[in-house]
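Report on one structure; see the data block that follows.
The values are calculated or read from the model by the stated rules, or taken from the named source; none is laboratory data. In this text the structure is predicted, and so the values were computed from the model without any measurement. As a convention, Cβ positions derive from the backbone with ideal geometry for all residues, glycine included, and neighbour counts pool all protein chains shown. Areas reflect the complete protein model, heavy atoms only, side chains present, ligands, DNA and RNA absent. Shrake-Rupley method; radii C 1.70, N 1.55, O 1.52, S 1.80 Å.
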Amino acid sequence: MQQPPPLWQVIGASVRGAAHMRENKPCQDAVQWHQADEFAVLAVADGHGSERSPYSDRGAQIAVEVAVALLHSLYTGFLTGPASLSAVKRYAEEQLSEKIVREWRERVKKDYAANLSDGEVEREPLKERDLLAGYGSTLLAALLAQDFLLFLQLGDGDILAVAGDGTVARPIPRDERLIANETTSLSTPDAWREVRVAFLPIHDENPVLVLLSTDGYANSFVSDQDFLQIGADYLRLIREEGIEWLASQLEAWLNEASAQGSGDDITVGLALRSALSERGR
């Protein structure tokens with residue numbers, strides 16, 4: 001008997017921006033995910049890359065590792081008990097953001113201390129605020145289950161939810177305070193207060209596709225409407241060619257988008273929901 005596909009199938013790619021290649025800068029984005037039979041976790045992050053944030057590539061990698069680990073623990077721990085969806089929503093809104101920020105900061109401090117001796121970072125001790133700024137990063141994350149979706153966002157970037165008919169929506173609206181290169185960050189004081197959370201019960205198997213991307217992707221499109229269309233386009237391509245085919249093409253497409261658009265690093269994570277008929281339910 002053929003094994004049914006997991007509930008959520010996840011793919012992703014992170015590419016170094018065309019401008020970063022010209023300036024010999026590393027990719028400061030990161031993506032990570034965990035895919036299980038009944039749920040998936042996905043996170044993307046964008047290190048700031050400014051002179052004040054010389055280690056933001058590490059900050060972004062730590063961010064996605066922390067988010068995936070804590071969201072995985074939320075599902076496998078919190079949800080295996082008698083907790084209701086309302087309790088999960090309350091926990092996500094009141095405690096999870098603070099845990100993510102606290103864990104990220106502890107990991108950053110350990111990373112800085114571990115590299116003091118190998119010449120990779122400055123030997124002179126930094127004040128905590130400057131140390132955290134050196135690793136500054138945004139974070140977008142999602143926990144995708146059978147009955148609900150949980151999204152978290154700190155800083156710029158985009159989360160798109162695509163319904164079966166191709167309709168695209170933002171579960172978390174854009175933060176109108178973020179203009180030009182200004183963004184909220186894991187490194188800012190009380191960062192956990194800036195994390196925006198969306199908890200969405202799933203109805204009628206919608207959405208069927210979720211996309212998380214760093215801001216270099218949306219900035220590569222002429223208009224926001226053009227960017228939103230990519231959600232429907234990805235769904236159509238998956239239906240025509242399959243998600244494995246899309247995974248094989250994704251990195252090349254993101255490189256092209258950066259070269260012809262923002263010049264920035266671009267990271268995209270995609271999660272496709274399997275139809276109940278495919279899972280034998």
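In table form, for the structure just shown:
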quantity: Sole exception among (1) at pLDDT 90 or above; (2) farther than 26 Å from Leu71 by Cβ; (3) not aromatic (Phe, Trp, Tyr) for Leu132, by number; calculated: (2)
quantity: Residues of the range 170-191 that turn out to be in contact (Cβ under 8 Å) with a residue 60 or more places away in the chain, touching a strand residue (DSSP E or B) at 6+ places or on another chain (Cβ under 9 Å) and open to solvent by 10 Å² or more (accessible area, probe 1.4 Å), as a count; calculated: 2
quantity: Whichever residue in the range 214-229 is over 16 Å from the mean Cα position of the chain (by Cα) and in contact (Cβ under 8 Å) with a residue 60 or more places away in the chain and, among such residues, is least open to solvent (accessible area, probe 1.4 Å); calculated: Phe227
quantity: Pair list, Cβ under 9 Å, 6 or more apart: the range 1-24 residue under 29 Å from Asp264 (Cα atoms) and open to solvent by 40 Å² or more (accessible area, probe 1.4 Å), other residue basic (Lys, Arg) and part of a loop (DSSP other than H, G, I, E, B); calculated: Arg16/Lys25
quantity: Looking only at the range 78-116, and only at residues there that are more than 25 Å from the chain's Cα centre (by Cα) and within 22 Å of Ser53 (Cβ to Cβ), the one that is modelled with the lowest pLDDT; calculated: Leu116
quantity: Only listed residue being of a type in the set (A, V, I, L, M), out of contact with any Cys (no Cβ under 6 Å at 6 or more places or on another chain), within 25 Å of Leu7 (Cα to Cα) and free of Cβ contacts under 8 Å to residues at least 12 places away in the same chain, chosen from Leu246, Leu237, Leu211; calculated: Leu237
quantity: Boolean, Ser84 is open to solvent by less than 60 Å² (accessible area, probe 1.4 Å), free of Cβ contacts under 8 Å to residues at least 60 places away in the same chain, among the polar types (S, T, N, Q) and over 14 Å from Thr267 (Cβ atoms); calculated: yes
quantity: Phe199 modelled with pLDDT of 95 or more, out of contact with any Ser or Thr (no Cβ under 6 Å at 6 or more places or on another chain) and not in a loop (DSSP other than H, G, I, E, B); calculated: no
quantity: Boolean, Ala40 is touching an Asp or Glu at 6+ places or on another chain (Cβ under 8 Å), open to solvent by less than 20 Å² (accessible area, probe 1.4 Å) and either of a type outside the set (Lys, Arg) or on the phi > 0 side of the Ramachandran plot (or both); calculated: no
quantity: Residue that is at pLDDT below 95 and either assigned to a strand (DSSP E or B) or over 16 Å from the mean Cα position of the chain (by Cα) (or both), where the choices are Arg177, Arg236; calculated: Arg177
quantity: Subset of the range 263-277 that is in contact (Cβ under 8 Å) with a residue 40 or more places away in the chain and outside any strand (DSSP E or B) - its residue that is surrounded by the most Cβ atoms within 10 Å (Cβ to Cβ); calculated: Asp265
quantity: Residue satisfying all of: in the range 142-156; in contact with a Phe, Trp or Tyr (Cβ under 8 Å, 6 or more places away or on another chain) and assigned to a loop (DSSP other than H, G, I, E, B); surrounded by the most Cβ atoms within 10 Å (Cβ to Cβ) among these; calculated: Ala145
quantity: Some residue of the range 159-169 being surrounded by fewer than 19 Cβ atoms within 10 Å (Cβ to Cβ) and within 18 Å of the chain's Cα centre (by Cα); calculated: yes
quantity: Residue check for Val208: over 26 Å from Asp264 (Cβ atoms), buried (at least 19 other Cβ atoms within 10 Å of the Cβ) and modelled with pLDDT of 90 or more; calculated: yes
quantity: Complete set of residues in the range 230-262 that are open to solvent by 70 Å² or more (accessible area, probe 1.4 Å) and touching a strand residue (DSSP E or B) at 6+ places or on another chain (Cβ under 9 Å); calculated: Glu244, Glu251, Trp253
